[in-house]
Amino acid sequence: MNQLFDIPGAASKISGEVDSVFLYILLVGLFFFVVTQGALIYFALRYRKKKGEPERETPYITSNRALETIWIVIPSILVLSIFYYGYTVYMKMQAPMPGAQEIGVVAKQWLWEFTYPDGRKAVNELHVQTGKPVGLSMTSEDVIHSLYLPDFRIKQDILPGRYTKMYLLPDRPGEYQIFCAEYCGQGHSLMLGKLIVMDAHEYAEWSGRQAGESQAAMPPARRGEELVKNSGCLGCHTTDGSPRVGPSLKGLFGRRVELSDGSSVTADEDYLKESMTDPGAKVVKGYANVMPTFKGTLSDADITDIISYMKTLK
Ligand code: CUA
């Protein structure tokens, strides 16, 4: 059925149930579409006025209790069955999953920030394990966003000033697209993320690697490179000199940069730091003001290490 309607394959048990509700409504609708359109065409042909036929008068009908009862009772039962079916699946989706791993989600123009129970943070990439329920506790720093996982058939608005929750139980390893499903400004279509579902073995390996990396003393430039990779920077900036949504990071440090207001500035440490914490302050000529702020996402130490990395990109 999924191929027929061009919808992604189901990645959890609940997505299969959502598809069943969809199929049920579709089949009920299809049945009545065929019956009513069929009757319409049949009557139009059967009772059309033929050439040379005299005018006929339709008898005057005031009421028909049996017919009226049928077309009130049967549709009512059908509508109630659709409501009941949809409601039971919806309530299942809303119910908190016991033992769920709590993951914090902060949405902002225009990125996703995920915080794991151990305090580790990641931007635009969420790693979870198959068979382990996940509870997303979500809030926004600015406007309304909406986290949408088409493969899981789940979507929940994220509002500034309050928390909303969403649960999922992944059971198929793979990479799944996260969309923002609420128009939130110029960078809305760039607000993309990935849910990476791993089996227990893979997940343990990945967690170990993460822990190892955070403990190992890394040279600042090397650490900066990791931060650039893990913070979503490469979604918009390249390191090979080619422009993307934003200017390339290659050869940027120390260069003279032309700004959209006609002035120019040298890309020194202060400029680069400001570009990460207040990206709208100085926008490079030819580019749109779409970069999200990393204030609060990256610490001062992180920013310093990223600048060290950028110095190596000559
Ligand atoms: Cu965030 Cu659209």
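The values are calculated or read from the model by the stated rules, or taken from the named source; none is laboratory data. Nothing here was measured: the structure is a model prediction, and the numbers come from that model. Neighbour counts run over all protein chains shown; Cβ positions are idealised from the backbone, glycine included. For accessibility, only protein heavy atoms count, side chains too; no ligands or nucleic acids. Shrake-Rupley method; radii C 1.70, N 1.55, O 1.52, S 1.80 Å.
Report the longest stretch of the chain that contains none of the chymotrypsin sites (Phe, Trp or Tyr not before Pro) sitting in a DSSP loop with at most 14 other Cβ atoms within 10 Å. Can you show the working numbers first?
Values: sites that count: F5, Y47, Y60, Y163, Y183.
The longest uninterrupted stretch comes out as 184-314.
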Practice problem: Any chance you could give the angle, 0 to 90 degrees and rounded to 10, that helix 13-46 forms with the longest Cα principal axis of the chain? | Solution: 40 degrees
Quiz prompt | Nearest 10 degrees, 0 to 90: helix 65-94 Cα axis against the chain principal axis | solution = 20 degrees
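Run the dipole for segment 220-312 about the Cα centre, Lys and Arg Cβ at +1, Asp and Glu Cβ at -1, nothing else charged, and hand back the magnitude in debye, nearest 20. Write out the running numbers ahead of the final one.
Details: 12 positive and 13 negative charges, 57 e Å.
I would put it at about 280 debye.
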Quiz item: Can you give the relative contact order of the chain as a percent, counting alpha carbon pairs under 8 Å and 6+ residues apart?
Solution: 14 percent
Self-check item: Helix 200-215 axis, angle to the chain major axis (alpha carbon atoms, nearest 10°)
Solution: 30 degrees
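Give me the accessible area per residue for the chain, probe 1.4 Å, as a whole number in Å².
Details: 18700 Å² over 314 residues.
I get 60 Å² per residue for the chain.
Divide by every residue of the chain the summed helix terms, -39500 (n - 2.57) for each DSSP H run of at least 4, and state the resulting mean residue ellipticity at 222 nm, rounded to the nearest 500 deg cm²/dmol.
Calculated mean residue ellipticity at 222 nm is -12500 deg cm²/dmol.
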Quiz prompt | Percent carbon-and-sulfur accessible area, segment 101-216, ignoring ligands, DNA and RNA, probe 1.4 Å | solution = 52 percent
Quiz prompt | Where Rh is the Kirkwood radius over Cα pairs, Rg/Rh for the chain | solution = 1.18
Quiz prompt | Of K155/K250; K13/K108; K194/K282; K194/K295; K229/K282, those spanning more than 27 Å from alpha-carbon to alpha-carbon | solution = K155/K250; K13/K108; K194/K282
